[in-house]
Each structure stands twice: as C-alpha cells, then as structure tokens.
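The values are calculated or read from the model by the stated rules, or taken from the named source; none is laboratory data. As the structure is a prediction and not an experimental result, all values here were calculated from the model. All Cβ positions, glycine included, derive from the backbone under ideal geometry; neighbour counts span all protein chains shown.
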Amino acid sequence: MIIPRQAYSPQSFTPMASTPPKKPNLDSVTTINTDGSRYFLHPADVHGKWTLARRIFGLLLIAIYVLLPWIPINGAPAVFFDVEHRQFYFFGLNFRPQDLWMMFFGITGLGFSLFFITSLLGRLWCGWACPYTVFLDHIYRRIERMIEGDAQARRKLAAAPWTAGKISKRVLKHGLYALCATIIAHVFLSYFVSMERLYGFMNEGPLAHATAFGIVAFLTCVLWFCFGYFREQFCVIMCPYGRLQSALTDDDTVIIGYDEGRGEPRGAKDKTTGDCIDCRRCVNVCPTGIDIRNGLQLECIGCAACIDACDDIMRKIQKPTGLVRYDSLNGLSKKKRRFIRPRIIAYTILGLLGMGAFLFTATRKAGPYTARFSKMAMAGQPYLADQETVKNFYQLRFLNKRNETVTFRVTAVDPPPGLILSGGDQDIPVSPRGEVARQFVAILPLKGIEGRTSLTFRITSEPGGHQTEQTLNFLGPNAHQNP
Ligand code: SF4
Ligand code: SF4
C-alpha cells in the first residue's frame, strides 16, 4: 500500500498513543528509569529481508545445536566433551589432556577471527550468531508474540490489572519458557555426557544422578531468568564483547547506521525536510530501546530490525530504501570507504596463523588413534645377526581413541626382498579407548644388508580404513660406519 508522505505523522506509527514508548536519549540507558527501576521494552514486530534472513539463519543454528550430539563420527558424537574419560571429540578428531596445547592455537585463531569479523562487519556476531540473541529472538520472543500478541497488546497487558485472563496468559507463557529452558539445558548437558547417557540419567531419575540433575536445574533457572526477565539487559550492561567493540571498530567498519545527510532535518513538515518522517518506527522495533538516529551506540546489537522497519516506511512514501542501512561511518557521511586496512590485514594474518596451526597439528595428532613405533635393543644389541639373517626388534603402541573396538594391521611398504615380519602382520584388536603394546621382529637375509636400511610400515585401522605410514631404521652389521 502506498500512502502519500504527508499522511504520515509521528503519531501514526506510535504503537499506543495513550502510553507511548519511552523516548531514547544519549544521556541514559532507555531500559533504566530515572528512579533506577527497570523500564520494560515491548519491541514492535518487523518484517523484511534482513529479519527473514536472520530468522532462517537463527533457526539453522538452533537445529545445529540440537542435532550435533546426535550425529556420530568415528563412534562418538560430532562434538562431545567427554568429562568422565577426559576426552574431547570434535568432528572425528580426538583430544586428550596432553593435547590441550593445541587449543592455544585454536582459541587464538578463533579470537583473531572474531576480531577480524568485528573490524570488518561490526556486531555481526551479536545480531546474527550469538546464542543469547538467537534463543531470545527466535524462540522466546516468538512464544511471547504468539501468546500475548503484538507490542501494543503486550504493553496493554503489562499495564492491566491481574485478571484471570492475564494470569492464564502469563502462566502459559512462562510455562513454555521453562519448557524451552529445560530442553536447551538438557541438550547442553548431552554435550558433556552424550545423548545416550543423558537418556539413561533421565530414566534412572534425578536422585541417581544428583550432580547432573543439579546442573540442568540450575541452567534451566538461569535460562528462564535471562530470557523471561533479564533479556536485553545482558547485552546492554553485562556482555564483555559489547564493551570490546569500540576498540575493534573504526570509521570503516560496516555497522548499522542512519544516513543523517539524507534524513535530516526530520519531520516531513515541508519540501525542505529530509527523508526521515520521524515516525519512530525504527525506535519502536529496537530490542534494546535505542534510537539509531542518535548515532552508533553501545546498546546496538546489530539486529537489523531498524533497517527493515525504515525500508518499509521508505517504500510506502515512495522514497529510496536505505535511510537506515549497513554501511560504515565514512560511507554514511559520504567519505571514501576503505575495505582493506592495516588492522584487517593484521587480524587476518593472526587469525589464519592460529587456525592454520590448529588444523595442522589437530589433523596430525588428534586422529581416531595413535600408533607409535620404537626401536628396541635385544640383549643390549641394536640387532641380532646369525649366519643367514639379521633381526631388528620393535615395539608398537596403539592408542584407540574411539568408543568402539578398532583392529590394526601393520604391513611393509615396498619391502626389501626376503623381509619377514614376525608378530606385526596379524590383526591387532584394541578395545574402545584402550591401549595395546606389541613387539614384533623384522627379519632380513644377511646377504646384502650392510649398515642402515629404511623400512616403511603402513598401519591400517578398521572400521574406517584409516592409514598412516611410518619409516624406521633397520640396522645391520657396520651400521655405525654407515649412518
Ligand atoms: S529513520 Fe526511518 S523509521 Fe526511523 S523515524 Fe525516520 S523514517 Fe521513521
Ligand atoms: S539500533 Fe537497530 S540494529 Fe541496533 S539493536 Fe536497535 S534495531 Fe537492532
């Protein structure tokens, strides 16, 4: 529907003319009244491309969170912090306490990647991927909207006396909040005990697993409190990442901003005014209660609701969209935009270094098993020789990191003529998370063996068909003269 611009007035977009939402300013936090009490926000509904994209992305993230503990890789859930056995499974990789040093690279890489994203795209994490925002916006606010109606109806209900209707709505809403909190808390616990064991816990009752029950009960209460009551206060006054923003962003960081040059003077009074008709629609949809026209503020979580809200208004008054948009401060003030800056280059290099080192070490060290060869001396000698053969002794140590029995087999790669492997060429089963040491002897004909020879062994594990190769020394007569 296209409405003439003159038909708009600030009041026409005020959700409830009798109790208008508080007017934000830069001197105080909107959600705190002058007497220190809480001012409860009732953000208006908004529709548009960013809202739709955020919802799809948010639901996808929730699906990933719920499904990951169900997806088995190499016999363990895709992501599993196995507290009982002190192991961490991550998409087929297995980490033990002795592998913790690798986490340094992983965490460093992740940290600098987040710095990189923030410097480039501002609070993209907060608005799109932070679990707090995702659960709040795509589960809890949806439930509230379903039961109590739109912002105007919610504001009206909040101000209404405690009638049976209001009590039943609130009981239903908080009942569903508590149910969702319970589910989220149980899924969270399954990341530490596995879905299978969680199901066992639930069947055996809370007293049989009092600690696990206590953790879930505590987490449920925290989630219910945060999403049912505390809400945007966490982002506005508690989140440390929000406070880090000003150190990570600059005038070229893409943020959500208001094009002051185009919008001001606001008010739709006559032809001399800008495109902003001061309808306050962008303010009414804001989940943290700020006015984006006051500039970039700490409370802005980058949810893009104000972009969709303003674009909707612009379409209706037949003006170009983008009065509120994703842009840098330089872009909004028509200065030259710079995409690549020194800090972007620095964060990219450091992030890639960290992630690269982590992936390199993790894929080598944190596989589904480890197999270590070591050369053994026999009767104090590095090898034993008789008239016809030379024997070398080795020890093989297998560590099975999976939750299922794995069978190993050792074979020689391009073996020299006459090689006999005694003890190594059989199937070696290793129980789940078990460790097995085996000795084996490599025997070669004495003729032609002089000094040091290289032998390459291939270790194959089933199930999975993983293969690794290791090269060892085979020592013969005069090895010390022939290094
Ligand atoms: S910026 Fe857009 S949504 Fe906000 S008051 Fe102005 S016209 Fe309305
Ligand atoms: S100002 Fe806009 S982007 Fe920022 S929190 Fe409010 S609605 Fe979301």
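Listed values, structure above:
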{"item": "Pair list, Cβ < 7 Å and 6+ apart or interchain, from the range 262-287 residues that are of a type in the set (Ser, Thr, Tyr) to residues that are within 7 Å of ligand 1 (Cβ to nearest atom)", "result": "Thr273/Arg266"}
{"item": "Count - residues of the range 308-330 that are surrounded by 15 or more Cβ atoms within 10 Å (Cβ to Cβ) and either within 16 Å of Val254 (Cβ to Cβ) or more than 12 Å from ligand 1 (Cβ to nearest atom) (or both)", "result": "8"}
{"item": "Residue selected from the range 331-387 under the condition small (Gly, Ala, Ser) and loosely packed, with under 13 Cβ neighbours inside 10 Å, by the criterion farthest from Arg438 (Cα to Cα)", "result": "Gly356"}
{"item": "Test: residue in the range 354-367 that is among the hydrophobic types (A, V, I, L, M, F, W, C), more than 29 Å from Ala53 (Cβ to Cβ) and touching a strand residue (DSSP E or B) at 6+ places or on another chain (Cβ under 8 Å)", "result": "yes"}
{"item": "Helices (runs of 4 or more DSSP H) wholly inside the range 260-379 that include at least 2 residues being within 16 Å of ligand 2 (Cβ to nearest atom)", "result": "260-263, 281-284, 305-316, 329-332"}
{"item": "Residue in the range 418-443 that is surrounded by the most Cβ atoms within 10 Å (Cβ to Cβ), counting only those that are among the hydrophobic types (A, V, I, L, M, F, W, C) and farther than 16 Å from Arg458 by Cβ", "result": "Val430"}
{"item": "Sole exception among (1) more than 16 Å from ligand 1 (Cβ to nearest atom); (2) farther than 30 Å from Arg145 by Cα; (3) surrounded by fewer than 16 Cβ atoms within 10 Å (Cβ to Cβ); (4) not β-branched (Val, Ile, Thr) for Tyr229, by number", "result": "(2)"}
{"item": "Residue list for the range 46-92, restricted to those being part of a helix (DSSP H, G or I) and among the hydroxyl-bearing types (Ser, Thr, Tyr)", "result": "Thr51, Tyr65"}
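A quick yes/no check of all residues on (1) over 25 Å from Thr411 (Cβ atoms); (2) within 25 Å of the chain's Cα centre (by Cα); (3) small (Gly, Ala, Ser):
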position: Gly322; (1), (2), (3): yes, no, yes
position: Ser328; (1), (2), (3): yes, no, yes
position: Gly331; (1), (2), (3): yes, no, yes
position: Arg338; (1), (2), (3): yes, no, no
position: Thr348; (1), (2), (3): yes, yes, no
position: Ala357; (1), (2), (3): yes, yes, yes
position: Tyr369; (1), (2), (3): no, no, no
position: Asp386; (1), (2), (3): yes, no, no
position: Arg397; (1), (2), (3): no, no, no
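Residue by residue, here is whether (1) among the β-branched types (Val, Ile, Thr); (2) within 25 Å of Ala44 (Cβ to Cβ); (3) in the same structural domain as Phe234 (by TED's automatic domain parsing); (4) not in a helix (DSSP H, G or I) holds:
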residue: Ile107; (1), (2), (3), (4): yes, no, no, no
residue: Leu136; (1), (2), (3), (4): no, yes, yes, no
residue: Tyr140; (1), (2), (3), (4): no, yes, yes, no
residue: Ala153; (1), (2), (3), (4): no, yes, yes, no
residue: Lys156; (1), (2), (3), (4): no, yes, yes, no
residue: Phe188; (1), (2), (3), (4): no, no, yes, no
residue: Phe192; (1), (2), (3), (4): no, no, yes, no
residue: Glu196; (1), (2), (3), (4): no, no, yes, no
residue: Gly200; (1), (2), (3), (4): no, no, yes, no
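Condition check ((1) in the same structural domain as Val171 (by TED's automatic domain parsing); (2) modelled with pLDDT of 95 or more; (3) among the small types (Gly, Ala, Ser)) across all residues:
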| position | (1), (2), (3) |
| --- | --- |
| Val222 | yes, yes, no |
| Cys226 | yes, yes, no |
| Glu232 | yes, no, no |
| Val236 | yes, no, no |
| Leu244 | yes, no, no |
| Tyr258 | yes, yes, no |
| Gly263 | yes, no, yes |
